[in-house]
Amino acid sequence: WFLRTARYLPERRHEPFTLHEYVGAFRSRELWKVGLAFAASYAAYIFYASWTTTYMKGTGIANPAVLGILAAAIPAAGIVSRPAGGHLAETRFRRDKRWVPGMAFALLFAASLAIPFLGGGAIPLFVACGFLAQFPFSVYYLFSTQILPPKFRGTAYAFNNTISIIGGAVSPALAGLLLDVTGSFFAAFLMMAVTALLGLVLLAAVRER
């Protein structure tokens, strides 16, 4: 089906490039900084999407319907947050798009530190963290298109996807290790707060865009 319909799509034209130029694109420090900031956001998203229900069970909330709704609400928040972040980056913060991920990281830092002290009352914050973690996703793709030449835009997208998934692969496993070692979720939420701070540091090193 795709092969049949693709012939009706506009032909994509870009400058040819050599293998040497392609490999050289990955040496861009600016691209790495944006990719690592994306990894910090994705690490927070996967952490909250995977560990929230386990934490809530530990606070005494065992109703399957409540846990199911909460588990679905965190990724579902992206339906609103992802396009909202991109819209703000292209309108209100178009002169410096770093404000969008910057605000998300700052609020994630505060929420991650607050959750362990709220117990079952942290449900709204969990949904908020799911929203905030996904809020800057589209902005990272906007950044990547401005870093590399147009002929490498596909490469920039792929790079961001790969680096972000690494963050998402590490955070839930590391949280589980911290939980086993300390016997408390506090260290895991502290890890998320540190991750948010790392994201802010990386953003400060990214050029204004």
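Taken over the range 104-152, residues that are touching a Leu at 6+ places or on another chain (Cβ under 8 Å) and within 30 Å of Leu67 (Cα to Cα) amount to 20. Applying the criterion of being in contact with a helix residue (DSSP H, G or I) (Cβ under 6 Å, 6 or more places away or on another chain) and open to solvent by 10 Å² or more (accessible area, probe 1.4 Å) to the residues of the range 52-62, the residue that is farthest from Phe109 (Cα to Cα) is Ile61. Among the residues of the range 82-123, those identified as crowded, with 21+ Cβ neighbours inside 10 Å and farther than 24 Å from Arg207 by Cβ are Ala111, Ser112, Ile115, Ala122. Of all positions in the range 69-81, none carries a residue that is modelled with pLDDT of 90 or more, buried (at least 18 other Cβ atoms within 10 Å of the Cβ), of a type outside the set (A, V, I, L, M) and assigned to a loop (DSSP other than H, G, I, E, B). Within the range 131-170, the set of residues being of a type in the set (Gly, Ala, Ser) and modelled with pLDDT under 95 comprises Ser138, Ser144, Gly154, Ala156, Ala158, Ser164, Gly167, Gly168, Ala169. Close Cβ contacts (under 9 Å, 6 or more residues apart or on different chains) running from residues in the range 14-26 that are acidic (Asp, Glu) to residues that are not in a helix (DSSP H, G or I) comprise Glu15/Pro149.
Out of all the residues in the range 170-190, which are of a type in the set (A, V, I, L, M) and without any contact (Cβ under 8 Å) to a residue 40 or more places away in the chain?
Applying the first criterion (of a type in the set (A, V, I, L, M)) to the range 170-190 yields 170, 173-175, 177-179, 181, 187-188, 190.
Once the filter is applied, which keeps residues that are of a type in the set (A, V, I, L, M) and without any contact (Cβ under 8 Å) to a residue 40 or more places away in the chain, the range 170-190 yields Ala173, Leu174, Leu177, Leu178, Leu179, Val181, Ala187.
The values are calculated or read from the model by the stated rules, or taken from the named source; none is laboratory data. A quick note: this is a predicted structure, and the numbers were derived from the prediction, not measured. Note that each Cβ is placed from the backbone with ideal geometry, even for glycine, and that neighbours are counted across all protein chains shown. The protein model used for the area step is the full one, side chains on, heavy atoms only, and it has no ligands, DNA or RNA in it. Shrake-Rupley method; radii C 1.70, N 1.55, O 1.52, S 1.80 Å.
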